[in-house]
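Structure first, then comments.
The values are calculated or read from the model by the stated rules, or taken from the named source; none is laboratory data. Small disclaimer: the values here were computed from a predicted structure and weren't measured. Backbone-built Cβ (ideal geometry, glycine too); neighbour counts: all protein chains shown. Keep in mind that these areas ignore ligands, DNA and RNA; they rest on the heavy atoms of the full protein, side chains included. Shrake-Rupley method; radii C 1.70, N 1.55, O 1.52, S 1.80 Å.
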Amino acid sequence: MSARWAKRLAVGGLALLIAAPAFAEGRLPAFFRLRREAATAVRAGDASLAQTKISEALALMPTHPGVLLSAARLTARQDPAGAVELLHRYARLGLILDITIDEALSPLAQRLDFAPVAERLAANRKPIGQLTPIASLVGAPLAESVAHDPKRKRLLISQVHGRKILAIGADGTASDFTPTADDLWSVFGIIADPKSRTLWALTSAADQARDLAPTAKGANALLRIDLDSGEILARYGAPFDGAKRQLGDLTVATDGTVYASNSLGGEIWRLKPGAQDLDLLVRSEEIGSAQGLAVSPDGSALLVADYPSGLHRIDLTTAEVTPVALPADLSLTGADGVLRDGQTLIVVQNGVTPQRVLRLSISRDGRRVTRGEVIAANLPDLDEPTGGVMHGRHFIFVARSQWSDFGPNGQPREGLSPAKVMSLRIAP
């Protein structure tokens, strides 16, 4: 299963096989269990039990969009006013919904107290931000991440299906930065270090990789690549131990430590300066699908997006994992790319409707988000957006990745549109 499809299942509540030890059930396993028990109660016709279970799940994650809607559906018949309030909470998250096509919720549209909710949902559909085209990639590259090489004035774009990194010059000319090779599988996260002339890249033998040898399945590696020549200088492999693992996103700390996340689970790996091997920083059941990550402003912690449950803080001294506190009007379910910009985080969120780009103000220690702002949403070129890089005051990112054009079998569908890299201006 690909990382992206794993994410979809996690957000939809189907990834319920994750289980905590009976003696110490964590927040995320409890959340999955309660959703599973609610679904079982619905099938058994026990509406009261289903409502109790989904309410308990919502108490664990109060801004989870899917659970808010499930709670509203279960509440709509016996407590319509309560269901409207739940939909109001959903609308305050900036998300959209057409309740007229929802059998359980559509009767609420006639209520007077639903009028403010309808108004807010309509406002949430307005376009926000403006994207400037940078590159359009035809065929089926399945673009994932962007890096910037200021010396050569070019962008580097990783390809999951194409199994290579593409260079786009200042004049728009495209050329292969790395050739396709047997041991270069799907290329996910990339980060350039202009001072050392190094490009860090994650490669994983994903289902979407073109012409992948069956024997490569399950392989993952962090690559150190010469930023001038594209030559792979070093390869740091993750254990080939049968665990579900797909290293997808990475970040580099000021001390040179490279951190990489496993999108098929709750692992964070790292490569310390001078080390010859990756070592495991965290394996946590509180993280279901680790995505983008960034070091906190004070350097004390790693901030990691978990697709099903939002943003987490990992203490770099103790490895303790805790949820980052969020405002009541912010949901980070479905967050993917994460990039720190000074005291703020740029977050790409593709697991909600609308898909969007957020700018988050965070505390220096990374323990809480003090404010969330939508800076791009409801734009035609936002289609499974992923990761990017800051170039001056512009966020250059994969706005249309092509993930929506690939099926669960990893193969591209016919007639797919080009992948697109766009630029979004970020206010100072």
- Message: Using the basic label-point model (7 angstrom from Cα toward the beta carbon), what is the Arg368 to Ser106 distance in nanometres?
- Response: 4.3 nm
- Nitroxide proxy distance, nm - points 7 Å out along Cα→Cβ at Ser417 and Arg77: 4.0 nm
- Out of Thr251, Gly94, Gln159 - ranked by how far each Cα lies towards the positive end of the dipole of the chain, with unit charges on the beta-carbon of charged residues - the top one is Gly94
- Task: Determine the sum of side-chain charges near Gly169: Lys and Arg each +1, Asp and Glu each -1, restricted to other residues whose C-beta is under 9 angstrom from that of Gly169.
- Result: +2
- Using only alpha carbons, build the gyration tensor for the chain and give me the equivalent ellipsoid semi-axes, biggest first, whole Å. 36, 24, 21
- Dipole moment magnitude, nearest 20 debye, the range 64-137 about Cα centre, only Lys, Arg, Asp, Glu C-beta charged: 180 debye
- Using the Karplus curve 6.51 cos²θ - 1.76 cosθ + 1.60 with θ = phi - 60°, work out ³J(HN,Hα) for each residue of the range 86-96 in order, rounded to whole Hz, and write x for Gly and Pro. 5, 5, 5, 4, 4, 5, 5, 6, x, 9, 10
- Among Lys53/Lys126; Lys217/Lys420; Lys126/Lys151; Lys53/Lys420, which pairs are too far apart, with a Cα-Cα distance over 30 Å? Lys53/Lys126; Lys126/Lys151; Lys53/Lys420
- Message: Output wanted: per-residue J couplings in Hz (rounded whole) for the range 404-414, from phi through Karplus 6.51 cos²θ - 1.76 cosθ + 1.60, θ = phi - 60°, x for Gly and Pro.
- Response: 6, 9, 10, x, x, 7, x, 9, x, 7, 6
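If each DSSP helix of 4+ residues adds -39,500 (n - 2.57) and the sum is divided by the residues in the chain, what number results at 222 nm, nearest 500 deg cm²/dmol?
When only DSSP H runs of four or more count, the value is -5500 deg cm²/dmol.
So for each of 73-80, 398-405 I average, over its residues, the number of other beta carbons within 10 Å; can you give me the resulting order with the highest mean first?
398-405, 73-80
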- Could you give the angle, 0 to 90 degrees to the nearest 10, between helix 3-12's Cα long axis and the longest principal axis of the Cα atoms of the chain? 10 degrees
- At 1.306 mPa s and 10 °C, Stokes D of the range 49-194 from Kirkwood alpha-carbon radius, µm² per second: 83 µm²/s
- Message: Please compute the per residue accessible area over the range 237-380 with all protein chains in place, 1.4 Å probe, rounded to a whole number of Å².
- Response: 35 Å²
- Item | Solvent-accessible area, 1.4 Å probe, carbon plus sulfur percent, for the chain | 52 percent
- Farthest positive-ward along the chain dipole, Cα basis, beta-carbon charges - from Ile232, Ala328, Gln291: Ala328
- Task: Give the accessible surface of the range 29-109 per residue, rounded to a whole number of Å², with probe radius 1.4 Å and ligands, DNA and RNA excluded.
- Result: 45 Å²
- Note on the structure: Stretched fully, the stretch from Asp277 through Met390 gains (0.36 nm per residue minus C-alpha distance, one decimal, in nm) 37.8 nm
- Task: Excluding residues on the same chain fewer than 8 positions from Lys272, give the aspartates and glutamates whose Cα lies under 20 Å from its Cα.
- Result: Asp193, Asp226, Asp249, Asp255, Asp298, Asp315, Glu320
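So how strong a dipole does the range 190-341 carry about its Cα centre when Lys and Arg Cβ are +1 and Asp and Glu Cβ are -1, to the nearest 20 debye? Can you show the working numbers first?
Working: 13 positive and 21 negative charges, 69 e Å.
My answer is approximately 340 debye.
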- Item | Whole-Å distance, taken between Cα centres, linking the range 183-226 and the range 26-78 | 39 Å
- From phi via Karplus (6.51, -1.76, 1.60), per-residue ³J(HN,Hα) for the range 69-83 in Hz, x at Gly/Pro: 5, 4, 5, 5, 5, 6, 9, 3, 6, 8, 9, x, 5, x, 5
- Inter-probe distance in nm under a simple model that places probes 7 Å from Cα toward Cβ, at Ser300 and Arg125: 4.5 nm
- In debye, nearest 20: dipole of the chain around its Cα centre with unit charges on the Cβ of K, R (+) and D, E (-)? 560 debye
- Message: Amide H of Lys164 versus every other amide H placed in the peptide plane: which residues, excluding those fewer than 5 positions away on the same chain, fall under 5 Å?
- Response: Gln159, Val187
- Message: Given an 8 Å cut-off on Cα distances and at least 6 residues of separation, report the relative contact order of the range 123-175 as a percent.
- Response: 25 percent
